[in-house]
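**Student:** Mind looking over this structure? Questions follow.
Any read-out appearing in this document is the output of simple, stated calculations on the displayed coordinates, not a laboratory observation. Everything numeric here is computed off the predicted structure, so don't read it as measured data. Cβ sites come from the backbone with ideal geometry, for glycine too, and all protein chains shown count toward neighbours.
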Amino acid sequence: LGKVFLKSDFSKPGVFDAWTVVNGDWKVANGHLEELSDSKSPVGGVWVTAGSAVWKNYTFEVDAGALDNLGVILLSFYRKDADNCYVLKHEQVGGGVLTLSLYKTVDGKVTPLKSVDNGVEPKLAQLARTRPDGQPLRFRVDVYNGVINVAVNGEDVMWVRDDSIQGGGVGLGGEMRKVYFTNASVTRKAFYPSRLITCEAPVRIDISNH
């Protein structure tokens with residue numbers, strides 16, 4: 001019937017729950033986990049992490065927003081450490097350009113897996129732009145047996161096959177941006193659509209006993 005690995009709403013000021021600060025000036029305040037330094041360093045962003053190296057076949061969801069117009073929101077999953085993880089990068093730059101990129105780091109080597117921008121994928125422009133006065137975005141990353149699916153506000157925007165990393169925790173981060181997060185969860189659902197196995201027509205696959 002599914003399993004909850006992690007659930008954090010960051011509703012209690014100063015309480016990080018299961019999250020550990022890796023670097024940066026993180027605070028739990030205003031109903032969020034936030035990092036408002038807008039720092040250009042360190043390279044690779046500022047991070048908090050949670051979870052276990054043995055977690056696998058899960059769904060990572062979080063509401064993410066920003067208090068400025070430009071910069072990077074970062075999510076990490078199947079994270080064993082900074083040198084072995086997947087990272088989803090949401091980047092807004094000048095001129096209205098928005099890019100959503102997925103890459104992996106294995107033994108310190110970074111490899112791009114997939115990238116879409118709002119010039120190629122028009123629905124990204126509708127779904128994934130963030131503004132200081134706007135609502136946060138709802139990110140969802142499903143990982144099941146080497147298939148990774150990314151959704152923004154309930155709409156699937158990219159998927160890839162890669163099994164270089166076999167499980168791990170999660171991370172939240174930012175780079176050159178005032179970022180905030182809330183309603184973070186990591187769950188293993190009782191059923192996943194078959195596109196996470198075949199990338200074809202959705203049916204329900206029971207993984208409750210896996």
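**Student:** Show me, for the range 71-79, the HN-Hα J-couplings you get by feeding each phi into the Karplus relation (A = 6.51, B = -1.76, C = 1.60, θ = phi - 60°), rounded to Hz, glycine and proline as x.
**Tutor:** x, 10, 9, 10, 10, 10, 8, 6, 9
**Student:** Still on this structure, I have one more. In a shell of Cβ-Cβ distance under 10 Å around CYS85, excluding CYS85 itself, what net charge do Lys and Arg (+1) and Asp and Glu (-1) give?
**Tutor:** Numbers: positive: ARG79, LYS80, LYS104; negative: ASP81, ASP83.
Combined, the nearby Lys, Arg, Asp and Glu give +1.
**Student:** With an 8 Å Cα cut-off and a minimum separation of 6 or more residues, compute the relative contact order for the range 1-123 in percent. Please report the intermediate quantities before stating the final value.
**Tutor:** Values: 181 pairs, mean separation 16.9, N = 123.
With pairs under 8 Å counted, the relative contact order is 14 percent.
**Student:** Residues with amide H under 5 Å of ILE165's amide H, sequence separation 5 or more or different chain, H placed in the peptide plane at 1.01 Å from N; which?
**Tutor:** none
**Student:** While we're on this one: Any idea what Rg and Dmax come out to for the range 1-84 if you just take the C-alpha atoms, in Å?
**Tutor:** Reported Rg and Dmax, both Å: 13.6, 43.
**Student:** Taking 0.36 nm per residue of separation and subtracting the Cα-Cα distance, what length does fully extending ASP17 through ASN145 add? List each step's numbers first, then the result.
**Tutor:** Numbers: separation 128, 0.36 × 128 = 46.08 nm, distance 2.84 nm.
Answer, rounded to one decimal: 43.2 nm.
**Student:** OK, next. At 0.36 nm per residue, and after removing the present C-alpha to C-alpha distance, how many nm does the segment from LEU67 to ASP107 gain when stretched out fully? Kindly include the intermediate steps, with their values, before the conclusion.
**Tutor:** Values: separation 40, 0.36 × 40 = 14.40 nm, distance 3.35 nm.
Going from the current span to full extension adds 11.0 nm.
**Student:** Now for a different question. With the dipole of the range 3-65 worked out from charges on the C-beta (+1 for Lys and Arg, -1 for Asp and Glu) around the Cα centre, which of ASN30, TRP19, VAL43 lies farthest toward the positive end?
**Tutor:** Value computed over the given set: TRP19.
**Student:** Sort 106-114, 6-14, 21-29 by packing, meaning the average of other beta carbons within 10 Å per residue, with the highest value first. Mind dumping the intermediate values first?
**Tutor:** Values: 106-114: 11.6, 6-14: 14.3, 21-29: 17.1.
Sorting 106-114, 6-14, 21-29 by mean packing, highest first, produces 21-29, 6-14, 106-114.
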